[in-house]
1. Taking only the range 154-170 into account, find how many residues are surrounded by 19 or more Cβ atoms within 10 Å (Cβ to Cβ), of a type outside the set (S, T, N, Q) and out of contact with any Lys or Arg (no Cβ under 9 Å at 6 or more places or on another chain).
2. Being surrounded by 16 or more Cβ atoms within 10 Å (Cβ to Cβ) and of a type in the set (A, V, I, L, M) is the filter here, so list the residues in the range 32-59 that pass it.
3. For ARG143, which of the numbered conditions (1) more than 14 Å from ALA45 (Cβ to Cβ); (2) open to solvent by less than 60 Å² (accessible area, probe 1.4 Å); (3) not polar (S, T, N, Q) fails to hold?
4. VAL319 - would you say it is open to solvent by 20 Å² or more (accessible area, probe 1.4 Å) and part of a strand (DSSP E or B)?
5. Only one of GLY62, GLY132, GLY111 is open to solvent by less than 30 Å² (accessible area, probe 1.4 Å) and on the phi > 0 side of the Ramachandran plot. Can you tell me which?
6. Counting only residues that are touching a helix residue (DSSP H, G or I) at 6+ places or on another chain (Cβ under 8 Å) and either surrounded by fewer than 19 Cβ atoms within 10 Å (Cβ to Cβ) or not hydrophobic (A, V, I, L, M, F, W, C) (or both), which one in the range 120-129 is modelled with the lowest pLDDT?
7. Just for the range 115-128: of the residues that are part of a helix (DSSP H, G or I) and farther than 18 Å from PHE84 by Cα, which one is nearest to the chain's Cα centre (by Cα)?
8. Just one of LEU88, LEU141, LEU172 is over 29 Å from the mean Cα position of the chain (by Cα), closer than 23 Å to PRO36 by Cβ and of a type in the set (A, V, I, L, M, F, W, C); which is it?
Amino acid sequence: MNDLSQEALRQRLARCREYAEGCIRDESDALLGLIPQLDGNFEKAVEIIYNCHGKLIVTGVGKSGHIGAKIAATLSSTGTPAFFMNPLDAYHGDLGVITKDDVVIAISYSGNTDELLRFIPILLKEKVPIIGMSGDPTSLLARYSKVFLSARVEREACPLNLAPTSSTTAALALGDALAVALMKVRDFKPRDFAQFHPGGSLGRRLLTTASDVMHKDNLPFISKDMQLGDAIILISDRKLGLGIVQNDDGTLAGLITDGDIRRAMQKNRDRFFETRASEIMTVNPRCVKTSTSITEIEKIFAQHLIHSVLVTDSAGKVVGVVDQFGCML
């Protein structure tokens, strides 16, 4: 690179935001340019991947390889088992993992990358379907692909129109489009996503259930005939801010909250301490099962403006309490 004078450097640095805006606009134009290129081949590609009984292998060289690795990771995390294979590694033993039940997505903007083209005859011999992704519909990759996806861009965002910039962004977006379409076809749900991301906060929230966070020891059980004077002492001692009213057979009869107690105090001042629990309890309080996720429980909190739910078993007996603090993962 040529040495710049301090003044020339200052002027160029002053235009950095302009350069950045131009790059982003060029790449945005490249992405929008993909839309008219979508045709029936896209549906065919989704169908082939959906019906794949083996593995989805993504391959590419150089920058296309980096994009391919990311596409494979996105597909794997959204319900389509996939992995990236460098064509160079395929010539040194990795071909053993490929079977006739697999599908290959091959990425090359020129469509004529030598290392990739040497890989294709092997796939054709094994009758492995190839989904080619390229910017040239007349390329060798396009010719030998069972399905060809066009990712042509007018120009690279690189000021020299040389470095892969807009073209790699377009390929990445096309890969994301495949992943999203497959999610829709599979009816992929948030719980499914969580199963592939158990280490993330979303995964923890969707996979953590009431049984994992509920209070289950020393629960504040009270009988329907217990007087509030005694009930308040028990409720205060158990520190959950509520009392669980039971029937004689141990099943749930109702719930007493701090709010119920305050309202009873205002209504029954003269006989407040002698009031029976059954007189002020909330009948049919919100209950969940041990398998209910904390995400679903939080929705109940928000919808009904409450801060605790009871956890019941199949016999209708309370086995735990989940409060808002327990849901803070």
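The values are calculated or read from the model by the stated rules, or taken from the named source; none is laboratory data. Note that the coordinates shown come from a computational prediction; the quantities given were computed from them, not determined experimentally. Cβ atoms come from the backbone with ideal geometry, glycine included; neighbour counts cover every protein chain shown. These accessible areas exclude ligands, DNA and RNA; they are computed on the full protein's heavy atoms, side chains included. Shrake-Rupley method; radii C 1.70, N 1.55, O 1.52, S 1.80 Å.
1. 1
2. Correct list: LEU34, ALA45, VAL46, ILE48, ILE49, LEU56, ILE57, VAL58.
3. With respect to (1) more than 14 Å from ALA45 (Cβ to Cβ); (2) open to solvent by less than 60 Å² (accessible area, probe 1.4 Å); (3) not polar (S, T, N, Q), ARG143 is out only on (2).
4. Spelling it out, VAL319 is indeed open to solvent by 20 Å² or more (accessible area, probe 1.4 Å) and part of a strand (DSSP E or B).
5. On the way: GLY62 fails: open to solvent by less than 30 Å² (accessible area, probe 1.4 Å); GLY132 fails: on the phi > 0 side of the Ramachandran plot.
Only one candidate qualifies: GLY111.
6. Of the residues in the range 120-129, the ones touching a helix residue (DSSP H, G or I) at 6+ places or on another chain (Cβ under 8 Å) are 120, 122, 124, 129.
Restricting the remaining residues to those that are either surrounded by fewer than 19 Cβ atoms within 10 Å (Cβ to Cβ) or not hydrophobic (A, V, I, L, M, F, W, C) (or both) gives 122, 124, 129.
Working: ILE122: 85, LEU124: 89, PRO129: 95.
Across the range 120-129, the extreme among qualifying residues is ILE122.
7. Taking the range 115-128 first, the residues part of a helix (DSSP H, G or I) are 115-117, 120-125.
Next, only the ones that are farther than 18 Å from PHE84 by Cα stay: 121, 124-125.
Numbers: PRO121: 37, LEU124: 35, LYS125: 37 Å.
Across the range 115-128, the extreme among qualifying residues is LEU124.
8. Numbers: LEU88 fails: closer than 23 Å to PRO36 by Cβ; LEU172 fails: over 29 Å from the mean Cα position of the chain (by Cα).
So the residue among LEU88, LEU141, LEU172 that is over 29 Å from the mean Cα position of the chain (by Cα), closer than 23 Å to PRO36 by Cβ and of a type in the set (A, V, I, L, M, F, W, C) is LEU141.
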